[in-house]
1. Would you kindly enumerate the cysteines in the chain that have no other Cys beta-carbon under 4.7 Å from their beta-carbon?
2. So for segment 78-227, Kirkwood radius off the Cα pairs, Stokes-Einstein at 4 °C and 1.567 mPa s: how many µm² s⁻¹?
3. Along the principal axes of its C-alpha atoms, what lengths does segment 238-344 span, in descending order and rounded to whole Å?
4. Would you be so kind as to identify which of S20, G186, T111 lies farthest towards the positive end of the dipole of the chain, taking Lys and Arg as +1 and Asp and Glu as -1 on Cβ and the Cα centre as origin?
5. Putting +1 on Lys and Arg Cβ atoms and -1 on Asp and Glu Cβ atoms, find which of V95, G37, Q76 reaches farthest to the positive end of the dipole of the chain.
6. Report the charge-dipole magnitude of the chain in Debye, nearest 20, computed about the Cα centre from +1 at each Lys and Arg Cβ and -1 at each Asp and Glu Cβ.
7. Could you look at segment 105-242 and say what percent of its accessible area is carbon and sulfur, using a 1.4 Å probe and all protein chains?
8. Please identify every one of the trypsin sites (Lys or Arg not before Pro) in segment 198-248 that sits in a loop by DSSP and has no more than 13 other beta carbons within 10 Å of its own beta carbon.
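The values are calculated or read from the model by the stated rules, or taken from the named source; none is laboratory data. Note that the coordinates shown come from a computational prediction; the quantities given were computed from them, not determined experimentally. As a convention, Cβ positions derive from the backbone with ideal geometry for all residues, glycine included, and neighbour counts pool all protein chains shown. SASA here: full protein model, heavy atoms, side chains in, ligands and nucleic acids out. Shrake-Rupley method; radii C 1.70, N 1.55, O 1.52, S 1.80 Å.
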Amino acid sequence: MKERLQQLQQEALEKIAQASDLKALNDVRVAYLGKKGPITEVLRGMGALSPEERPIMGALANEVRAAIQSALEEKQAKLEQEEIEKKLASEAIDVTLPGRPVRLGNHHPLTRVIEEIEDLFIGMGYTIAEGPEVEKDYYNFEALNLPKGHPARDMQDSFYITEEILLRTHTSPVQARTMEKHQGRGPVKIICPGKVYRRDNDDATHSHQFTQIEGLVVDENIRMSDLKGTLQAFAKKMFGEDREIRFRPSFFPFTEPSVEVDVSCFNCGGHGCNVCKGTGWIEILGAGMVHPNVLEMAGFDSKKYTGFAFGMGPERIAMLKYGIDDIRHFYQNDLRFLQQFNRA
Ligand code: DAH
């Protein structure tokens, strides 16, 4: 019996040594120390022993159990430690690896130009006004001194929805809407950025949908020199400190007098080059003194109040500023175009 016990201990210790994972180790535990295991089996045979031998065998059996138990515990601790180390090794993070760059989105070049213009005018005390893109004929034309049948309506081929409703052809209707809201009391000092629509065939310089920024100032004693100073500041900010502007007489039904505004060429400084087509000047916007009819229709006393207005196309400004040769680039979402405007 003694030999049997010693042999079992020997066997168990060998199997423990061989166990390569926790599951195998547990199998060994169950096999040798379990209730149906060989040690229990051996102890059952104790009844056949003499009373002197019994305690000796009992003690030996306990020693064998204890030896196996402690070998199991030792091995278990070792396997657990190994497992932790394996896990740590497989989950190790190499903090010296370079990071993966996150691609940042960017503002569209047109948005950027519009915001730049907005900031400039906000800095001069203007507020931003908006109006609907689906507009009444009244605001788009009539309230701007363009009654039905007026020949100048043909200058802006329109998308009509009904006889009285159309997609606005310019942002000028926001002038009339804003003045109405002021109920005849100045000052009014707004810019209105927004989308406009015209029945044009798309080409390098025309688009059936584009953007405009309208400006309107109405107060007592507003003069043409105020318009000129304002636009001079605008031109310097957008095209450089050395820029000059000039007014050329023009016609718009909603302003009198009306002007077209040129900026001295930022490319050649005014000597003449291909950007300014040899003239030294580049047309950037239309403007004028608000027509008394427009003031009156919107509820302002034209004897007390005067005002100036201007309208520009951010696409044209952006094309000039960045040397873009085709207006359609703005609307095609071609990343090769857009990414050229990414900030560093
Ligand atoms: N609404 C004009 C257009 O789309 C642009 C314009 C010209 C607006 C003169 C103005 C202005 O406010 O005073 O062609």
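1. C192
2. On the way: Rh = 19.7 Å.
It comes out at roughly 66 µm²/s.
3. Between the extreme Cα coordinates on each principal axis of segment 238-344 lie 53, 35, 23 Å.
4. S20
5. Of the listed residues, the answer is G37.
6. Values: 43 positive and 51 negative charges, 94 e Å.
Magnitude of the dipole: close to 460 debye.
7. Working: 3180 of 6580 Å².
Whole-percent figure for carbon plus sulfur exposure: 48.
8. Values: sites: R198, R199, R223, K228, K236, K237, R243, R246; in loops: R198, R199, R223, R243.
For trypsin sites (Lys or Arg not before Pro) across segment 198-248 that sit outside H, G, I, E and B with at most 13 neighbouring Cβ atoms in 10 Å, the list reads R199, R223.
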